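Read-outs throughout are calculated quantities, based only on the coordinates presented, and are distinct from any laboratory measurement. In this text the structure is predicted, and so the values were computed from the model without any measurement. Using ideal geometry, Cβ is built from the backbone for each residue, glycine included, and neighbour counts are taken over all protein chains shown.
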Amino acid sequence: MNELDNHTFRLAVAQFDQAAEQMKLDPNLRERLTLPERSLIVSVPVRMDDGTVKVFTGYRVKHDSSRGPSKGGIRYHPDVNLGEVAALAMWMTWKCALAGLPYGGAKGGVQVAPEQLSRGELQRLTRRYAAEIFPLIGPDKDVPAPDVGTDAQVMAWIMDTYSQQMGFAVPGVVTGKPLSIGGSLGREEATGRGVVDVTLEAMQHLGMDVRGATVAVQGFGNVGSHTARIMQEAGAKVIAVSDKTGGLYNPKGLDIPDLLTRYRSAGRQSLCDIKMGEAVTNEELLGLDCTVLVPAALSEQITQHNAAKVRCRILAEGANGPTTLEADRILIANGVFIIPDILANSGGVIVSYFEWVQDVQRFFWKEQDIRDRLHEIITEAFHRTLQFATTRQVSMRMAALMSGIDKVAQAHLARGLYP
Ligand code: GLU
């Protein structure tokens, strides 16, 4: 479909086609599953602080809801477009199915650089966007969450805007909220904790010890910063981290808690301005000699142009779609063990599921219960995927996609085609 055409969407479709071919997916399902169920484009007029009105473009795409309400984050980034949102929505469908969550996939976004807005402008943009996508969202319909450029505060404004329309508090309309309005303990760090859980399983599978392991993390937002911190707590040495301005490198290991404190107090602006270790570029970071490389920034970072330079043993994909299909082939040929995005970063949506369950039941869990249940679900998904990859002789990425797609296909076949 023309209006969806974009490089990220083409990557998601190419992955799907490869998996569909391998699993001999029913041809009657194929076209539908490469397309979103419903896509909404909205105009978001915002009164700026200087009194002028600026109009931003927003999206909400539901890829599939055959297995339950659709689920997926909202991204605020200048490059957001319909094709990218549709690709991310499709990945959410496979991710939720792979983890066994009763959800379909969705994604939303607004084409905006949030760091250039004042807090007031950000709030007005968020509330108007929420009002525009109101017909689609709801605890039983579609449940947004944070993604690149959004956080718990943005979720709180969406929850409030939705609740104002309904006339009562509806905490289950979004996840990743502040604790005070029905957020869950452990949600903020959940994606990073899940990345670490599956990385440790992969290390054990490969007969490696976490002590002495070195880790490089691209991206120091929610996913990257928690992954780096928890990897260090687990005993690994985090030798490099980066944000969009560049990175820091110390072969003896960076002190992540100290770095985080300094980064936060500098307003999360620029990692490069912090005096710690040597400076590296994002491109150099991807080529560092390390045990584990965690791309935790944007999509298509590892491509046919730089994949041969990647020198890690394990690639744990914290971001969505960080590796192209051409790069996959090069990495596999070079013996890199890939933990694919829809498995590696599923800790976020797994704990989002816990948050939603707690909200709809009005019954809240202890943090240790959340960590234990996350660990149980994500490590089971890891071993199931590994088993599938081994017995079917396919890559970890294909195994994860094929398992996810199969669950969705079964739901479609069981429900039948309406009308
Ligand atoms: N944005 C996150 C993701 O890509 C979380 C989605 C959610 O919790 O619904 O998986």
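One table, with the values for the structure above:
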| item | result |
| --- | --- |
| Within straight-line cross-link reach of K275, aspartates and glutamates at Cα separation under 14 Å, skipping those fewer than 8 residues along the same chain | D255, D258 |
| Convex hull of Cα atoms in region 85-228, direction-averaged projection (nm²) | 10.4 |
| For the chain, built as a Gaussian network whose Cα springs stay under 10 Å, the top-fluctuating residue of V112, V238, V349 | V112 |
| Mean Cα-pair separation over length for the chain, i.e. relative contact order, pairs under 8 Å, 6 or more apart, % | 16 |
| Dimensions in Å of region 1-157 - Rg and Dmax from alpha carbons | 16.2, 57 |
| Reciprocal of mean inverse Cα separation for region 46-101 (Kirkwood radius, Å) | 13.1 |
| From phi via Karplus (6.51, -1.76, 1.60), per-residue ³J(HN,Hα) for region 141-149 in Hz, x at Gly/Pro | 10, 7, 10, x, 7, x, 8, 3, x |
| Straight-distance crosslink candidates among lysines, where the alpha carbon sits under 22 Å from K95 and sequence neighbours closer than 8 are dropped | K24, K62, K71, K107, K141, K177, K407 |
| Residue order, fewest to most beta carbons within 10 Å, for K252, K95 | K252, K95 |
| Beta bridge orientation in region 19-111: antiparallel %, DSSP, nearest 5 | 75 |
| Computed [θ] at 222 nm, helices only, for the chain once each DSSP H run of length n ≥ 4 contributes -39500 (n - 2.57) | -14500 deg cm²/dmol |
| Region 243-320 - convex hull of the alpha-carbon atoms, volume per residue in Å³ | 99 |
| DSSP bridge orientation in the chain - percent antiparallel, rounded to nearest 5 | 45 |
| Top of L125, L82, L179 by mean-square fluctuation, Gaussian network on the chain, Cα under 10 Å | L179 |
| Ratio Rg/Rh [Cα only; Rh per Kirkwood] for the chain | 0.95 |
| Neighbour-limited loop hits for trypsin sites (Lys or Arg not before Pro), region 310-365 (at most 14 other Cβ within 10 Å; DSSP other than H, G, I, E, B) | R362 |
| Cα point-scatterer Debye curve for region 267-419, base-10 log of I(q)/I(0) at q = 0.15, 0.19, 0.21 Å⁻¹ | -0.96, -1.20, -1.29 |
| Relative exposure of Y76, Y162, judged by other C-beta atoms within 10 Å (fewest first) | Y162, Y76 |
| Backbone HN-Hα couplings from phi across region 217-228 [Karplus 6.51/-1.76/1.60, Hz, Gly and Pro as x] | 10, 8, x, 10, x, 4, 5, x, 5, 5, 4, 4 |
| 5 Å binning of all Cα-Cα separations within region 198-247, expressed as whole percents from 0 upward | 5, 21, 29, 24, 13, 6, 2, 0 |
| Rounded to whole Hz, the Karplus (6.51, -1.76, 1.60) HN-Hα couplings of region 14-21, x for glycine and proline | 5, 4, 4, 4, 5, 5, 4, 5 |
| Relative contact order (percent, whole number), region 211-300, Cα cutoff 8 Å, 6+ residue spacing | 39 |
| Amide H within-cut-off set for D142, under 5 Å, with H built and near neighbours excluded | S70 |
